[in-house]
Every structure is written in structure tokens, then in C-alpha cells.
Amino acid sequence: ETAEEIARIFTEVIIAPDADEDARRIIGAKKNLRLLVTHGLPDASAPGLFYKSVAGGMLVQSRDNGRVDLLDLKVVTKRAPSEQEMADLKFAFRVCKHVKSNA
């Protein structure tokens with residue numbers, strides 16, 4: 001059903017975790033439509049190496065796949081944060097991990 005809807009509009013590439021035989025047949029019938037099957041997303045928490053070329057060489061480092069468990073945090077102030085503040089903190093940890101800034 002999804003393949004039929006996509007085939008009706010202008011589309012050049014479909015990237016999907018999987019596709020059944022009916023979907024492959026429908027997509028294959030369109031001359032300029034390509035299907036790229038990824039077999040799912042990679043496990044972001046799996047260990048691995050990150051490679052980046054730099055001037056005069058290459059940087060190789062382990063992937064930053066650590067996570068902060070809020071239960072491991074220790075409150076050292078007189079007032080403990082509220083549930084909403086803890087949820088905000090958890091969100092902030094995720095944002096900071098993925099944002100590049102000179103601030």
C-alpha cells in the first residue's frame with residue numbers, strides 16, 4: 001500500500017529498512033525509481049571507531065556512545081530538582097552531546 005502511494009508521486013529513491021516482494025515489484029515497475037534496503041539502522045550504542053581526516057593525517061577515536069543515567073546522578077544542593085527539571089536535564093545532555101558550538 002505504501003509502495004503504491006509513493007509510486008504515484010515523483011520519487012527517485014526510496015530508502016527503507018526492508019520491503020516485501022509486492023513492494024519490490026511495484027517499485028521495480030517504475031523505470032527511474034530506486035529502492036535502497038538498509039536492513040534497519042545501525043545500533044548507535046554499539047562500540048566502534050570514528051574516523052576523520054585532518055590536515056596531515058587522520059584522527060581515529062572511539063565512538064561517543066555513552067549515556068547519562070539520571071539514577072546515577074547525585075544531588076548536592078539543598079533543593080532537589082523537580083521531575084520536569086530532571087526531564088529537561090536529560091534532554092540537555094542529549095542536545096549537548098550532538099551540538100557543536102564555540103560558546
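If you go through the range 26-57 and keep only what is within 24 Å of the chain's Cα centre (by Cα), in a strand (DSSP E or B) and among the hydrophobic types (A, V, I, L, M, F, W, C), you end up with Leu35, Leu36, Val37, Leu49, Phe50.
The residues listed here are Arg24, Arg79; of these, the one that is basic (Lys, Arg) and surrounded by 10 or more Cβ atoms within 10 Å (Cβ to Cβ) is Arg24.
None of the figures in this text is laboratory data; all of them are computed from the coordinates on show. Just so we're clear, the structure is a prediction, and the values are computed from it rather than from any experiment. We place every Cβ from the backbone using ideal geometry, glycine too, and count neighbours over all the protein chains shown.
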